[in-house]
Amino acid sequence: MKLDDFRASDNVEDHRDGSYGGGSGGGLPIGRGGMGLGAIVVVLVVSYFTGISPQTLFSVVNTVTGNGGGVITDNSPAPSRTGTPSDIDGQFVAKVLGATEDTWTQIFQEQLGNTYSKPRLVVYNGVDNTGRCGSAQSAMGPFYCPNDQKIYLDTEFFQEMKSRFNACPTTQGACAFAQANVIAHEVGHHVQNLIGILPKVDQMRQQASDTQANALSVRLELQADCFAGVWANKTQQRLNFLQNGDIEGALQTAQAIGDDMLQKKSRGYVVPDSFTHGSSAQRQKWLTTGLKSGQIKDCDTFSASNL
Ligand SMILES: [Zn+2]
């Protein structure tokens, strides 16, 4: 993976020395009601659970909202340090985040006729106060908090990908793209939030049985994998950054990383990565789908009869 042409984002919050005590701690109720999406939710619930051939989620979202239905405002206090970290891990994260910003801005314009709004990414050590999604701990793995639109990442996780999970080959630097893909997956959840899928699925899950809720979660996770592939496809067109072994390394990682690494907690609000992610084969399939197509419409895991 070549990072030379990647623009470093300045939307990284560095909490790694533990000095940051921010976050409102207030806990925003997830019921972001009155979004005007009630009708969509009804359609989707009915179509999903009855098996009546549904319109795709995307066509529904495009037709009805035409904007980021799930967007919420971040009211948390200004972070103490936001910018571009100077160390190797921090630079890597900032560059990958920058590439997601630029590529998703392009994808939103070209494929949705819409404006992309950038998430922030918090890097931390050990434990961090997320403010809006409870306490973040390394054991959880990276995750996206829809309440504050931030991605939380302990860079130790990158080491664990190699050591504990034996997830990606260390030869040819192929682990870098696998690591970038982890960030791209979390950004995929942010995209789901912006286009209204995350809040809708959250609402559907609350009315569903455990089994149905779990199935919805799997579809959410596989779609985030697919979105990560879409990002890589379009970024490759833009920056020609992939090198031999990169895709194999990412696919190997998709196989290696499963639910066993995630601390499962009952939180009472959506933190997608606390859910089941789907089987290794499913994760590889949907990442590949996005990688090959570069089109978000091909990531409609919610209409797919066969995952
Ligand atoms: Zn996820």
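Just so you know, all these numbers are worked out from the coordinates, no wet-lab data involved. Treat the numbers as computed from the prediction; the structure is a model and nothing was measured. All Cβ positions, glycine included, derive from the backbone under ideal geometry; neighbour counts span all protein chains shown.
Which of K162/K297; K2/K118; K118/K162; K2/K200; K95/K200 have a Cα-Cα distance over 27 Å? Checking Cα-Cα distances, K162/K297; K118/K162; K2/K200; K95/K200 exceed 27 Å.
Measuring r between the beta carbons of D4 and Q106 and using R0 = 25 Å, the FRET efficiency lands at 0.85.
Note on the stretch 203-244: Cα-Cα pairs beyond 12 Å make up 67% of the total pair count.
Exposure proxy shown here: for R205, R238, R219, the number of other Cβ atoms within 10 Å sets the order, fewest to most, as R238, R205, R219.
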